[in-house]
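See below for the structure under consideration.
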């Protein structure tokens with residue numbers, strides 16, 4: 001019997017639907033892909049933080065830039081694998097780009113200088129400017145000699161000394177706060193003497209001394225008025241130039257002695273007083289050993305002898321004036337040393353850290 005069309009269509013549809021359902025049941029079911037930016041639990045993934053930049057400048061204690069210093073950047077957070085290193089440029093500057101946000105540490109090293117570190121925290125997208133990094137001269141001689149010659153080390157130390165001014169004004173060039181400072185060459189000794197005698201404060205000091213002498217009518221043969229003051233000023237300045245060059249440059253070069261005072265800074269007050277006073281007649285040689293300070297003693301004698309050439313005739317008593325001026329010079333050195341040992345460091349704005357090795361006792 002022929003089946004109605006509707007019935008045949010219905011059966012066909014049911015069979016087709018059943019077959020389709022059967023086939024679909026054999027296909028593994030897949031979960032729909034989750035939108036990007038979400039986790040499997042429906043939470044949104046954290047956005048990537050933009051990197052930042054770290055830059056700075058490396059200088060020495062005199063403020064001069066240090067080129068070629070190696071700067072190492074090490075993140076101190078969980079991921080320490082993102083290390084970077086670079087060298088400071090001719091202007092002393094360095095820079096790190098694309099640095100991940102978080103805590104970091106910089107290690108700065110340069111031959112002849114003590115290694116220094118700096119720590120900070122870089123925020124996302126920040127341009128971090130590190131404060132000027134001033135490297136101290138290495139205290140260990142063996143480390144210093146690896147990269148720099150002895151003359152170059154001495155030159156760096158002189159730059160620091162030339163920044164030393166008591167109360168920011170009075171030149172304090174002839175004191176070393178580094179107990180094992182490199183010895184000076186003859187050229188460096190003469191340069192230091194020259195810078196001392198042409199320093200503006202030297203002229204102010206000489207002018208004040210000439211004024212006191214005129215007020216007391218000392219060396220009356222010079223007279224009074226502008227002419228007398230000019231002669232007294234010239235005589236005082238000649239004494240300063242002769243004493244400085246002979247006692248701190250000429251004789252130290254010939255006798256290989258160091259004209260500087262080496263700050264002690266440790267021990268009892270009594271031992272430091274004896275040390276300072278003794279340094280008027282003893283000194284360090286260029287070989288680092290203590291020896292009689294022939295340079296200072298003979299320098300003061302020579303300057304006293306030369307003063308006989310320009311002092312008034314009635315004040316030229318030959319050997320008497322020579323030894324008198326020499327004695328005054330040695331006593332002045334003793335007083336100056338006591339001042340250096342107990343006061344000047346406290347009153348000097350720019351001084352390096354004292355070396356951990358105390359100077360050897362004479």
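Taken along the Cα-to-beta-carbon direction at a fixed 7 Å, the label points for residue 268 and residue 98 span 6.6 nm. With the convex hull drawn over the C-alpha atoms of the stretch 189-315, the volume per residue is 133 Å³.
Once the Cβ-Cβ distance of residue 335 and residue 150 is raised to the sixth power relative to R0 = 30 Å, the FRET efficiency obtained is 0.40.
Here the spin labels are modelled as points 7 Å beyond Cα on the Cα-Cβ line, and at residue 167 and residue 346 they lie 1.5 nm apart.
Structural descriptor for the stretch 100-207: relative contact order 19 percent, calculated from alpha carbon pairs under 8 angstrom and at least 6 residues apart. A full extension of the chain between residue 291 and residue 185 corresponds to an added length of 36.3 nm, given 0.36 nm per residue minus the alpha carbon distance. Using R0 = 30 Å, the C-beta based FRET efficiency linking residue 115 and residue 201 works out to 0.25. Across the stretch 137-260, the volume of the C-alpha convex hull divided among the residues equals 114 Å³ per residue. For the stretch 52-135, the fraction of C-alpha pairs farther apart than 14 angstrom is 58 percent.
Readers should treat all values here as calculations from the given coordinates under stated rules, not as data from a laboratory. What you see is a predicted model; the values in this text were computed from it and never measured. Because the Cβ atoms are built from the backbone with ideal geometry, glycine has one as well, and the counts that use them run over all protein chains shown.
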